[in-house]
Amino acid sequence: MSTVSFLRPERRRSRSEEPEGSTDALGALLRRVARGDEQAFEALYDAVAGPVYGVVLRVLRDPAQSEEVTQEVMVEVWRQAPRYDAERGSARGWVLTVAHRRAVDRVRSAQASTDREDKVAARDHDRAFDVVAEEVEHRLEAERVRRSLDVLTDLQRESVELAYYGGYTHRQVAEILGIPLGTVKTRLRDGLIRLRDEMGVVA
């Protein structure tokens, strides 16, 4: 059986049009639904779809979502009808309990989705902040080093810039500057010591 034919929103009657139906009558309908009786389901739908919608709407406070959840509830009633136990409560109470549970599940699902989105947004924000902070720190450190180079002699600064900023080897620096390799090493050593002291680095 396809329940879709019974779940058209326009079939939901207004509260004044709903058949009252006794608890026993609804229970009898539900037992017939449990046996796959489509006509019984139509009658049950007409009797309870309005109250179901009312329960769902009070939880969701959104008419469109409430319509959708009402249809889900009625499908669940059709499928779960065999589980109804008259000794544990009325048919109406059972159906409305299903409705309330389904509405609460929808709220929880929506909240969980929102929480996941918030976590992703927060994580992305933190990651972006970390990247920016690291970049700022790097730039500040680079500026600090550049200022510290001013304390070096011209020869020391030239050697340091070629070796550590230009990427040249000590031998290449010696060839570029036209000075002995030992002199280059001495300038670099003295220059780095002065840089360390200027920047307050503890060796």
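The values are calculated or read from the model by the stated rules, or taken from the named source; none is laboratory data. These numbers come from a predicted model, not from an experiment. Note that each Cβ is placed from the backbone with ideal geometry, even for glycine, and that neighbours are counted across all protein chains shown. For the accessible areas, the whole protein counts, side chains as well, though only heavy atoms, and no ligand, DNA or RNA atoms are used. Shrake-Rupley method; radii C 1.70, N 1.55, O 1.52, S 1.80 Å.
Worth a mention:
- Residue 188 being open to solvent by 40 Å² or more (accessible area, probe 1.4 Å), at pLDDT 75 or above, among the hydrophobic types (A, V, I, L, M, F, W, C) and out of contact with any Gly (no Cβ under 9 Å at 6 or more places or on another chain): no
- Filtered residue count, the range 58-84, keeping only those that are free of Cβ contacts under 8 Å to residues at least 12 places away in the same chain and open to solvent by less than 60 Å² (accessible area, probe 1.4 Å): 1
So that you can scan it fast, the table gives a plain yes or no per residue for (1) at pLDDT 75 or above; (2) touching an Asp or Glu at 6+ places or on another chain (Cβ under 7 Å); (3) part of a helix (DSSP H, G or I); (4) closer than 21 Å to residue 36 by Cα:
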residue	(1), (2), (3), (4)
81	yes, no, yes, yes
97	yes, no, yes, no
100	yes, no, yes, no
103	yes, no, yes, no
114	no, no, yes, no
